[in-house]
Amino acid sequence: MTFVADGMLGNAAKWLRLAGYDALYFNTRRKSELVRIARRDGRILLTRDRKLFEENEGIAVFIESEGTSRQLREIKNKLLLEINPMMFFTRCSLCNSPLERKEKYDITALVPEYVYANRDKFSQCPECRRVYWDGDHCKAIRDALNELGEG
Ligand SMILES: [Zn+2]
């Protein structure tokens with residue numbers, strides 16, 4: 001299940017990436033571009049635009065909730081989205097690319113010293129080169145995703 005979201009669902013798309021889903025989003029007024037990408041890639045179009053939804057009912061899902069966590073819950077419920085901890089943190093939250101596992105020596109110069117000294121598992125985005133590690137901030141994200149999975 002892959003997604004393209006309109007600009008009003010940018011935060012929700014980011015969270016879908018954190019959960020491991022392929023989720024593009026574009027802040028564009030050219031809604032036809034979103035439809036074109038959805039059709040081209042077989043993506044589900046997530047939109048808060050009722051008119052856009054009605055014109056594209058076969059491929060679009062209308063999200064009516066306000067606020068990121070409610071929107072995620074709505075996406076999960078409408079699409080029976082699986083929330084699988086094995087998929088968490090496998091995709092770049094900035095650019096949507098699948099992350100690559102990295103050995104510690106690969107990223108020596110790329111992370112702060114204290115992180116390097118205290119962490120062993122790293123991954124990197126092949127597109128934007130951002131390095132990820134299982135830091136303290138991940139726990140809050142993991143908890144929120146698990147809660148979404150249970151609710
Ligand atoms: Zn990236």
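Bear in mind these aren't lab numbers, they're just calculated from the coordinates by the rules spelled out. Worth saying up front: this structure is predicted, and the values here are computed from it rather than measured. When we count neighbours, we look across all protein chains shown, and the Cβ atoms used for this are built from the backbone with ideal geometry, even at glycine.
Values for this structure:
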quantity	calculated
Residue selected from the range 117-140 under the condition surrounded by 11 or more Cβ atoms within 10 Å (Cβ to Cβ) and away from the ligand (no atom under 16 Å from the Cβ), by the criterion farthest from the chain's Cα centre (by Cα)	ARG119
Pairs, first more than 11 Å from PHE89 (Cβ to Cβ) in the range 123-142, second charged (D, E, K, R) and away from the ligand (no atom under 11 Å from the Cβ), C-beta under 6 Å, six or more apart	GLN124/LYS102
Condition met for PHE62 (more than 26 Å from ASP136 (Cβ to Cβ) and in contact with a Lys or Arg (Cβ under 8 Å, 6 or more places away or on another chain))	yes
Members of the range 60-97 that are touching a Cys at 6+ places or on another chain (Cβ under 8 Å), surrounded by fewer than 18 Cβ atoms within 10 Å (Cβ to Cβ) and of a type outside the set (S, T, N, Q)	LEU94, CYS95
Test: ALA144 is of a type in the set (A, V, I, L, M), assigned to a helix (DSSP H, G or I) and exposed (fewer than 15 other Cβ atoms within 10 Å of the Cβ)	no
